[in-house]
Amino acid sequence: MKRLSGIVVLCALAGVWECVSRAGLVSKLYFPPVSTIAAVFWELTVSGTLPAQAGETFARAVAGLLAALVLAGPLGLAMGTSRRLSALLTPAVELVRPVPPPAVIPAAMLLLGIGTGMKLSVIVFACFFPILVGAVDGARHVEPGFRLTAAAYGLRRWQLLFGVILPAAGPSLAAGFRTAVPMALIVAVLSEMVGASSGIGHYILRMQRTFAIPEMYAGVAWLGILGLGCNLAVERGLSRLLGWHEGWKNGMGR
Amino acid sequence: MPIAALAAFVLSLFLAVPALAADPTPLKVGYIPVGDCLQYYVAEEEGYFAAEGLAVAGAAMKGGAVIAPAVEGGELAIGWSNTVSIILAHAKGFDFAFLAPGAEGVAGANDVHALLVPADSPLTSVAGLAGKTVAINTLGNINEAAMRALAQKAGIAPDAIRLVEVPFPDMAGAMAKGSVQAALTLEPFVTDAVSRGAAKVLDPSPHAAFGSPYLIGGWFAKKAWIKDHPAQATAFARAVAKAAAFIDANPEKARQILSQRTKLAPELAAKIVLPRFPQRLDPKALSGVIDVSARFGLLAKPFPAAEILDAPAQ
C-alpha cells in the first residue's frame with residue numbers, strides 16, 4: 001500500500017512535467033515532455049548505448065569503492081582500537097576529511113593527468129573518509145564487557161579482531177560504507193565530465209554540448225536508476241551480513 | 001502592516017522601471033576570451049557600442065555550447081559561438097541565427113588553429129593518431145568536425161581518434177603529462193607552445209575540409225529576439241562590423257588591445273596569427289561547415305545556410 005502511494009506520487013509528478021512542457025510554460029527544447037524522454041530512454045537502452053556507458057561508470061565506482069574499503073576499513077579498525085594510533089592520525093584525518101571530493105579533481109588532474117588513474121584516485125578519496133569514520137566509531141564503541149570476556153578466555157589478537165571487534169563494529173562500518181556508495185557514483189560521474197571519452201558523465205556532457213537534450217535526460221535517468229539499484233543491492237547485502245545483529249535490527253541499519 | 005510594506009515595495013519596483021529606461025538598456029553579450037572574439041574588445045575600447053547607443057555588458061564564457069543555453073534562457077541577448085554549435089542547435093530545433101560574422105579562416109593565409117603534438121613526439125602524420133587521444137576544447141563543436149575530417153583525409157576511420165574535452169589553456173599541460181598525444185588548439189596557444197619549444201605542429205590547417213574561407217564563429221541571438229529588438233540587433237551588428245574594419249586597418253593596434261584585454265604577453269600578441277574578420281555574413285562561408293558536420297554524423301542532414309543567417313540590414 002505504501003509503495004503504491006509512492007508510485008502514484010511519482011506518476012503525478014511525471015504528469016505535471018508532461019503538462020507543463022506540452023503547454024509551453026517552459027522551453028520545450030530544454031524541458032522536453034517526459035514521454036519524449038521515455039521514448040529516447042527506451043531506444044538508447046535497448047540499443048545498448050546507455051547500458052554500456054553506465055557500465056563503465058559503475059565499474060569505476062565499484063573499483064574505487066572497494067579500494068577505499070580495503071584501505072580505510074583496516075586503518076579505521078586499527079585507529080578505533082589503538083589510542084596511540086588514533087592520537088597520531090586524527091588531526092590529519094580531520095583536516096583532510098572536510099575537503100569536498102570535487103574540489104580535488106583539478107589537483108588530481110595536475111598530478112595524474114586525465115586518465116583512469118585520476119578518476120579512480122578521486123573516487124577512492126571520496127569513499128575513504130566515510131568508511132574510515134564508520135570503522136573508527138565502530139571499533140571504538142565495542143562494549144568493554146566483550147573485550148574483558150575475550151581477554152578472560154585468552155583470545156588471540158586475530159581472534160579478537162574477527163570474532164569480537166569486527167562483528168561489533170559491523171553496523172557502524174556498514175553505515176560508513178553506505179554513505180560511500182552514492183559518493184562513489186557521484187564522483188565517478190563528475191570525474192568523467194573532465195577530459196573523458198567514455199562513461200555516463202561523458203555521455204551526458206556530450207549530449208548537452210550537441211543540444212541532444214532528450215538524450216541528455218535519458219542519461220541522467222540512467223544514473224538515477226543506477227544509484228537506486230546500487231543502494232538496494234547494498235542494503236540487501238548488508239542485511240544478509242548483519243541481520244543477526246541487535247543494533248542492526250533495532251534500527252541502526254534502517 | 002507587512003502587507004502594506006510589501007505592496008509599497010512592489011509598487012516602487014514598477015515605478016523604478018521607467019526611471020531606468022531613460023538610460024540605454026544593458027545588452028548582455030557572451031563571448032570567449034580568445035583572439036576569435038577580438039571584435040568585442042575592439043568595439044568596447046574604441047567606443048563603437050556606446051556610439052550605437054548600446055550599453056553592452058559582457059560575460060566571458062567557456063565556449064559556444066555554454067553560451068547557447070544562456071542565450072536560449074534569455075540571460076544573454078547575444079552570444080559568440082563557433083559555427084558548428086549553432087548548426088547543431090538549429091538542427092535540434094533551437095531558434096538561433098547569426099546576426100553578425102565573427103572570425104573567418106582562410107586556408108594557408110591565416111590559420112589560427114593548429115594540430116599540435118609534444119616536441120618530442122615520434123608522430124609525423126595524422127594517420128599515426130589512430131587509437132590515440134586528442135584534446136579539443138568542447139565536444140561536438142567545430143574542432144570535433146575538423147578532427148573527423150582530418151582522420152578521414154589521413155586514411156583512417158573518422159572515429160579512430162579518441163577526443164577528450166580539455167580547456168585550451170590546459171592542453172599543453174595535458175600533452176606534457178602524456179594524457180593526450182595531440183591537441184587541436186588555436187592562437188595564442190599555438191604560438192605560445194611552439195615558441196616555448198613545448199610542441200610542434202603536426203597539421204597547420206586542421207580546418208581545411210571546411211573550404212576557404214569558412215566561418216569559424218559569429219555573433220548569434222534567438223530569431224525571436226532579433227525580431228523583437230531590430231534596433232538593438234542592427235546597432236550591435238554595425239558596432240562589430242566597425243570593429244572588424246578597424247582590425248583590418250589597424251592590425252598593430254588590434255594586437256595591442258588583445259594583449260591588454262586578455263593579459264597576453266605583448267611579444268606573443270605581436271607574433272600570433274589573427275583570424276580575418278569579415279564585415280558581412282557570407283552563406284558560402286557557412287555551407288562548407290554544414291556539409292562537413294553532416295558528413296561526420298554530427299548532423300543528420302545538411303540544410304541551407306540561409307536558415308541560420310538573420311543579418312539585419314545595416
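The table for this structure:
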| quantity | calculated |
| --- | --- |
| Meets criteria (open to solvent by less than 40 Å² (accessible area, probe 1.4 Å), touching a helix residue (DSSP H, G or I) at 6+ places or on another chain (Cβ under 7 Å) and not aromatic (Phe, Trp, Tyr)) for B:ALA270 | no |
| Tally, over the stretch A:118-150, of residues that are hydrophobic (A, V, I, L, M, F, W, C), in contact with a helix residue (DSSP H, G or I) (Cβ under 8 Å, 6 or more places away or on another chain) and open to solvent by 70 Å² or more (accessible area, probe 1.4 Å) | 1 |
| From B:ARG261, B:ARG276, residue being charged (D, E, K, R), away from every other protein chain (no Cβ under 14 Å) and in contact with a strand residue (DSSP E or B) (Cβ under 7 Å, 6 or more places away or on another chain) | B:ARG276 |
| Selection count where residues are open to solvent by 30 Å² or more (accessible area, probe 1.4 Å), aromatic (Phe, Trp, Tyr) and facing chain B (nearest Cβ under 9 Å), scope the stretch A:207-224 | 0 |
| Residue satisfying condition, being assigned by the TED database to the domain that holds B:ALA270 and aliphatic (A, V, I, L, M), within set B:ALA221, B:ALA199, B:ALA154, B:ALA145 | B:ALA221 |
| Among (1) away from every other protein chain (no Cβ under 14 Å); (2) surrounded by 16 or more Cβ atoms within 10 Å (Cβ to Cβ); (3) part of a loop (DSSP other than H, G, I, E, B) - the single one B:ASP120 does not satisfy | (2) |
| All positions within the stretch B:146-190 that are of a type in the set (Lys, Arg), out of contact with any strand residue (DSSP E or B) (no Cβ under 9 Å at 6 or more places or on another chain) and within 9 Å of chain A (Cβ to nearest Cβ) | B:LYS177 |
| Some residue of the stretch A:48-60 being over 24 Å from A:ASN231 (Cα atoms) and without any contact (Cβ under 8 Å) to a residue 60 or more places away in the chain | no |
| Where a residue in the stretch B:49-76 is within 14 Å of chain A (Cβ to nearest Cβ) and under 16 Å from B:THR138 (Cβ atoms) and its partner, wherever it lies, is part of a strand (DSSP E or B) and open to solvent by 40 Å² or more (accessible area, probe 1.4 Å), with Cβ under 9 Å and at least six apart | B:ALA70/B:LYS28; B:VAL71/B:LYS222 |
| Residues within the stretch B:223-234 that are surrounded by fewer than 21 Cβ atoms within 10 Å (Cβ to Cβ) and touching a Phe, Trp or Tyr at 6+ places or on another chain (Cβ under 8 Å), tallied | 1 |
| Test: residue in the stretch A:242-250 that is closer than 30 Å to B:ARG162 by Cα, free of Cβ contacts under 8 Å to residues at least 24 places away in the same chain and either in contact with a strand residue (DSSP E or B) (Cβ under 9 Å, 6 or more places away or on another chain) or polar (S, T, N, Q) (or both) | no |
| Every residue from the stretch A:55-113 that is within 14 Å of another protein chain (Cβ to nearest Cβ) and either in a helix (DSSP H, G or I) or in contact with a Phe, Trp or Tyr (Cβ under 6 Å, 6 or more places away or on another chain) (or both) | A:GLU56, A:ILE105, A:PRO106, A:ALA107, A:ALA108, A:MET109, A:LEU110, A:LEU111, A:LEU112 |
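Yes or no, residue by residue, for (1) open to solvent by 30 Å² or more (accessible area, probe 1.4 Å); (2) in contact with a strand residue (DSSP E or B) (Cβ under 8 Å, 6 or more places away or on another chain); (3) within 30 Å of A:ALA196 (Cβ to Cβ):
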{"site": "A:ALA68", "(1), (2), (3)": "no, no, yes"}
{"site": "A:PRO74", "(1), (2), (3)": "yes, no, no"}
{"site": "A:GLY80", "(1), (2), (3)": "no, no, no"}
{"site": "A:SER86", "(1), (2), (3)": "no, no, no"}
{"site": "A:LEU89", "(1), (2), (3)": "yes, no, no"}
{"site": "A:GLU94", "(1), (2), (3)": "yes, no, no"}
{"site": "A:PRO98", "(1), (2), (3)": "yes, no, yes"}
{"site": "A:ALA103", "(1), (2), (3)": "yes, no, yes"}
{"site": "A:LEU110", "(1), (2), (3)": "yes, no, yes"}
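The values are calculated or read from the model by the stated rules, or taken from the named source; none is laboratory data. Source: prediction; values computed, not measured. Positions of Cβ are generated from backbone atoms using ideal geometry, with glycine treated the same way; all protein chains shown enter the neighbour counts. Heads up: the accessible areas ignore ligands, DNA and RNA and are worked out on the full protein's heavy atoms, side chains in. Shrake-Rupley method; radii C 1.70, N 1.55, O 1.52, S 1.80 Å.
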